[in-house]
Amino acid sequence: MAEVRVNLEAHSYTIHIMPGGISHVGALMRRLPLGDKALIVTDENVCPLYAGTLTDSLTAAGFTVAMVTVKPGEGSKSLTAANAVFTEAISKGLDRKSPIIALGGGVVGDLAGFAAATYLRGVPFIQVPTTLLAQVDSSVGGKTAVNHELGKNLIGAFYQPNLVVIDPTALETLPDRELKAGLAEVIKYGVIADQNFFADLAAAAAALLTREPAVLATVIGRCCELKAEIVAQDERESSLRMLLNFGHTVGHAVEAVGGYSEYNHGEGVAIGMHAAGLISKGMGLCKHEDVEILQQLLSRMGLPLTAPGYSPQALISYLQRDKKMESGKINWVLMTGIGQVKITREVTDSAIKEALAQIT
Ligand code: ADP
Ligand code: ZN
């Protein structure tokens, strides 16, 4: 079992990465100053798979368990779903020491985190992520949000969990496409911060795709360490944390242009990282071979490099909309080599256009 400590002064917490970890959540929670009532938030896919094990573990540790099960998918990141969580919390008499536990992927994590941040002005929050994407990314760092009909993630808070328990064996049931989406974020960590890790991933590709728990545990642990280091230095995304957006600028545009139905987040990020690599090369920041190495690893993990048939102009319009939200210029995260990135606002239109032409 591995542990990663996220150092955020009064908001510090530990991530436990342990195969079979879901059945230890109750015991791990007992180390914290919590009340005896707990509320699990999960979705209809995850509930039949893992909610029983989690509930047993909590009951054995002396907790009384309530549960809210939402529909799977982004639609549940809503104020309506949050209200269902509040209703259950109030009617079961949860108080300020009662933890809300997210059991599921990023959707459930964001929803439960938002509810935990706001119910009674904040109650303890536990993350038990069950997608690779959530295990390496969204469960660490404290971003919580629901969507508004006018845009995604517009209503939310930075709110750190008190405990994160990652069970790599829960990935056995994850659909292949979701696993690969998580691998896109895994590759991202290699590009932004760790050349050796990137090389290890290339060597471990087959084991990752067949979900060997020991290999998954090692890789997830390293991603959590890297994210924890970055988040500890910049909890609220004023500077360093922006590095985590590598591949996300074009990635979000690809997701949006596809109506959020054609490419999932990880696939968008894979295409976006490829675009960022091409822009980096176009700006003379990295070598041609660096982009080739990135392309090879993305392909090896079964991820898309391009969004064929997409209009570069449609992607640019979306980028410009994003830019307005950030008052003026986009902060591009570009690679200067594998394992190294820099943030720059000085990117030429021609480098962007050339890259977008290559990925569409
Ligand atoms: P993400 O973590 O990718 O942001 P979601 O929370 O939408 O996103 O989860 C992706 C999908 O995978 C959802 O349909 C969810 O119900 C399902 N899911 C989550 N964890 C598991 C698992 N361990 N096994 C099978 N399906 C899962
Ligand atoms: Zn992401």
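The values are calculated or read from the model by the stated rules, or taken from the named source; none is laboratory data. As the structure is a computational prediction, the values presented were derived from the model and not from experiment. Every residue, glycine among them, receives a Cβ derived from its backbone with ideal geometry; neighbour counts consider all protein chains shown.
Among the residues of segment 234-246, is there at least one that is in the same structural domain as Gln340 (by TED's automatic domain parsing), farther than 22 Å from Leu334 by Cβ and aromatic (Phe, Trp, Tyr)? No, every residue in segment 234-246 fails to be in the same structural domain as Gln340 (by TED's automatic domain parsing), farther than 22 Å from Leu334 by Cβ and aromatic (Phe, Trp, Tyr).
Of all residues in segment 149-159, at least one satisfies being charged (D, E, K, R) and surrounded by fewer than 24 Cβ atoms within 10 Å (Cβ to Cβ).
Look at (1) surrounded by fewer than 22 Cβ atoms within 10 Å (Cβ to Cβ); (2) farther than 15 Å from Met335 by Cα and you find that Ala253 fails only one, number (1). Evaluating Ile126 against the criteria (1) surrounded by 16 or more Cβ atoms within 10 Å (Cβ to Cβ); (2) at pLDDT below 95 leaves one unmet condition, (2).
Taking the numbered list (1) in contact with a strand residue (DSSP E or B) (Cβ under 8 Å, 6 or more places away or on another chain); (2) more than 16 Å from ligand 2 (Cβ to nearest atom); (3) in a loop (DSSP other than H, G, I, E, B) in turn, Phe114 passes all entries but (3). Scanning segment 135-185 for residues that are within 14 Å of ligand 2 (Cβ to nearest atom) and assigned to a helix (DSSP H, G or I) turns up Gln135, Val136, Asp137, Ser138, Glu178, Lys180, Ala181, Gly182, Leu183, Ala184, Glu185. The residue of segment 139-179 that is modelled with the lowest pLDDT, among those that are under 18 Å from Gly73 (Cβ atoms), out of contact with any Phe, Trp or Tyr (no Cβ under 9 Å at 6 or more places or on another chain) and of a type in the set (D, E, K, R), is Glu149. Here is the figure for segment 15-40: residues that are crowded, with 17+ Cβ neighbours inside 10 Å, within 22 Å of the chain's Cα centre (by Cα) and within 19 Å of Gly221 (Cβ to Cβ) total 7. Total residues in segment 283-314 satisfying the condition of being in contact with a Lys or Arg (Cβ under 9 Å, 6 or more places away or on another chain) and on the phi > 0 side of the Ramachandran plot: the figure is 1. Out of Thr64, Thr130, Thr59, one residue alone is of a type in the set (S, T, N, Q), away from ligand 2 (no atom under 16 Å from the Cβ) and within 26 Å of Leu154 (Cα to Cα). It is Thr130.
For segment 3-22, enumerate the residues that are in a loop (DSSP other than H, G, I, E, B) and touching a helix residue (DSSP H, G or I) at 6+ places or on another chain (Cβ under 7 Å). Selection gives Asn7, Leu8, Met18, Pro19, Gly20.
Results for (1) within 11 Å of ligand 1 (Cβ to nearest atom); (2) of a type outside the set (A, V, I, L, M, F, W, C); (3) in contact with a Cys (Cβ under 6 Å, 6 or more places away or on another chain), shown as yes or no for each residue.
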{"position": "Asp137", "(1), (2), (3)": "yes, yes, no"}
{"position": "Val146", "(1), (2), (3)": "no, no, no"}
{"position": "Val164", "(1), (2), (3)": "no, no, no"}
{"position": "Phe197", "(1), (2), (3)": "no, no, no"}
{"position": "Thr210", "(1), (2), (3)": "no, yes, no"}
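Here segment 222-262 is the region considered, the condition is being assigned to a helix (DSSP H, G or I) and basic (Lys, Arg), and the residue that is nearest to ligand 1 (Cβ to nearest atom) is Lys227. Scanning segment 23-66 for residues that are more than 16 Å from ligand 1 (Cβ to nearest atom), of a type in the set (A, V, I, L, M) and in a strand (DSSP E or B) returns Ala38, Leu39, Val65, Ala66. Across segment 117-132, what is the number of residues that are within 16 Å of ligand 1 (Cβ to nearest atom) and touching a Lys or Arg at 6+ places or on another chain (Cβ under 6 Å)? Final tally of qualifying residues: 0.
Conditions tested, residue by residue: (1) free of Cβ contacts under 8 Å to residues at least 24 places away in the same chain; (2) of a type in the set (Val, Ile, Thr); (3) assigned to a loop (DSSP other than H, G, I, E, B).
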residue: Ala275; (1), (2), (3): no, no, no
residue: Gly284; (1), (2), (3): yes, no, yes
residue: Glu289; (1), (2), (3): yes, no, no
residue: Leu303; (1), (2), (3): no, no, yes
residue: Ala314; (1), (2), (3): no, no, no
residue: Tyr318; (1), (2), (3): no, no, no
residue: Arg321; (1), (2), (3): yes, no, no
residue: Val341; (1), (2), (3): no, yes, no
residue: Lys353; (1), (2), (3): no, no, no
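Within segment 204-213, the set of residues being assigned to a helix (DSSP H, G or I) and at pLDDT 95 or above comprises Ala204, Ala205, Ala206, Ala207, Leu208, Leu209.
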